[in-house]
Amino acid sequence: MATIQGVKPSRRPGKPAKPIKGTRGRGIALHAVLVIGLLLSTFPFYWAVMMSTHSSTEIFSYPPKLLPGSHFLENVRSLFDNIDFFGSMVNSLIVAVSVTVLVLFFDSLAAFVFAKFEFPGRRTLFALMMAIFMVPAQLSAIPQFVIMARIGWIGTMTALVVPAAANAFGIFWMRQYMKGAIHDELLDASKLDGAGFLRQYWHVALPVVRPGLAFLGIFTFMGQWNDYAWPLIALTNPDNVTLQVALSQLNGVHGTTDYGMVMTGALLALIPLLIVFAVGARQIIADLGKGAIR
């Protein structure tokens, strides 16, 4: 290899460059922090699993038992004897799935209009929607109950599905996502091909914003699955109670609380959420990897 006379090469050809001083130490420290954060975030779930395998006496023993016990099947039998677990889970699935589907449709449709179309009163309507977004949901419980009672929906799952079919957060989230993800050139090209509004929404907008829809679907399903206050108020029929309301009945059964049974019920109630999160997260990652424009 030819070199300039009097000038030595900085390193031998083919020899890798030395790492920047301190980079390895920072990497180790970062990984240590991440591992600690992972342990702290997963420990409550691990503790719930362990408590579901012990009796109440063992749960309050000292030192705490951090290994699995032998009362899991007994706790499961007690759970099924005290509440209609599978019936209430089916009710929760019906409500959560119905609300999620309706929210994805109505919120994305409204967001598409707000994000990509000009019409009179557009800014005023969006400002009004954001004002509604700022109002706590608890303030609307009494007026909502009165409306549902006059319609005759109190005691039915319709009282849970219809009021939650659209929400301001979903419209705001999808509007912000669509403004950056859907390019005007795509809509102009679809107009040249003769596509109307619904075809633009279904064939142009939805394929592009599937990651945003996946997040909104996960968020909505989890919110409806874990909702307790409104189902407790609206579902006066014991046959229609959702899972969260049914699980609340385990507190104080026969004057005492069997915490092993309660934790078993809470653990089993997490299974649908884990499935939905796994499917939705995979959809988000897959669509982001493919890119927005195909």
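In table form, for the structure just shown:
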read-out: Pairs with Cβ under 7 Å, 6+ apart, first in segment 89-111 and within 14 Å of residue 206 (Cα to Cα) and open to solvent by 60 Å² or more (accessible area, probe 1.4 Å), second not in a helix (DSSP H, G or I) and not hydroxyl-bearing (Ser, Thr, Tyr); value: 106/165; 106/166
read-out: Criterion: closer than 29 Å to residue 264 by Cα and touching a Gly at 6+ places or on another chain (Cβ under 7 Å) - qualifying residue of 79, 66, 73; value: 79
read-out: Subset of segment 136-164 [over 18 Å from residue 220 (Cα atoms) and either outside any helix (DSSP H, G or I) or of a type in the set (Ser, Thr, Tyr) (or both)]; value: 140, 152, 153, 154, 155, 156
read-out: Complete set of residues in segment 57-77 that are part of a helix (DSSP H, G or I) and either over 22 Å from residue 249 (Cβ atoms) or open to solvent by 30 Å² or more (accessible area, probe 1.4 Å) (or both); value: 57, 58, 72, 73, 74, 77
read-out: Residues satisfying the stated conditions in segment 236-246, i.e. modelled with pLDDT of 90 or more and outside any helix (DSSP H, G or I); value: 241, 242
read-out: Residue within segment 46-54 that is exposed (fewer than 13 other Cβ atoms within 10 Å of the Cβ), among the polar types (S, T, N, Q) and not in a helix (DSSP H, G or I) present; value: no
read-out: Count - residues of segment 109-139 that are among the polar types (S, T, N, Q) and under 22 Å from residue 175 (Cβ atoms); value: 1
read-out: Condition broken by residue 232, with the remaining ones in (1) surrounded by fewer than 17 Cβ atoms within 10 Å (Cβ to Cβ); (2) over 30 Å from residue 270 (Cα atoms); (3) modelled with pLDDT of 90 or more satisfied; value: (2)
read-out: Residue satisfying all of: in segment 44-56; hydroxyl-bearing (Ser, Thr, Tyr) and closer than 19 Å to residue 248 by Cα; modelled with the lowest pLDDT among these; value: 56
read-out: Identity of the residue in segment 191-224, outside any helix (DSSP H, G or I) and free of Cβ contacts under 8 Å to residues at least 60 places away in the same chain, that ends up most open to solvent (accessible area, probe 1.4 Å); value: 193
read-out: Counted residues, segment 172-190 - those being open to solvent by less than 20 Å² (accessible area, probe 1.4 Å) and either assigned to a loop (DSSP other than H, G, I, E, B) or under 30 Å from residue 136 (Cβ atoms) (or both); value: 3
read-out: First in segment 261-281 and at positive phi, second anywhere and among the charged types (D, E, K, R), Cβ under 9 Å, 6 or more apart; value: none
read-out: Subset of segment 112-138 (residues that are open to solvent by 70 Å² or more (accessible area, probe 1.4 Å), within 16 Å of residue 164 (Cβ to Cβ) and among the aliphatic types (A, V, I, L, M)); value: 132, 135, 137
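The values are calculated or read from the model by the stated rules, or taken from the named source; none is laboratory data. Note that this is a predicted model, so its numbers are computed, not measured. Here the Cβ is made from the backbone with ideal geometry for all residues, glycine too, and neighbour counts use every protein chain on show. For the accessible areas, the whole protein counts, side chains as well, though only heavy atoms, and no ligand, DNA or RNA atoms are used. Shrake-Rupley method; radii C 1.70, N 1.55, O 1.52, S 1.80 Å.
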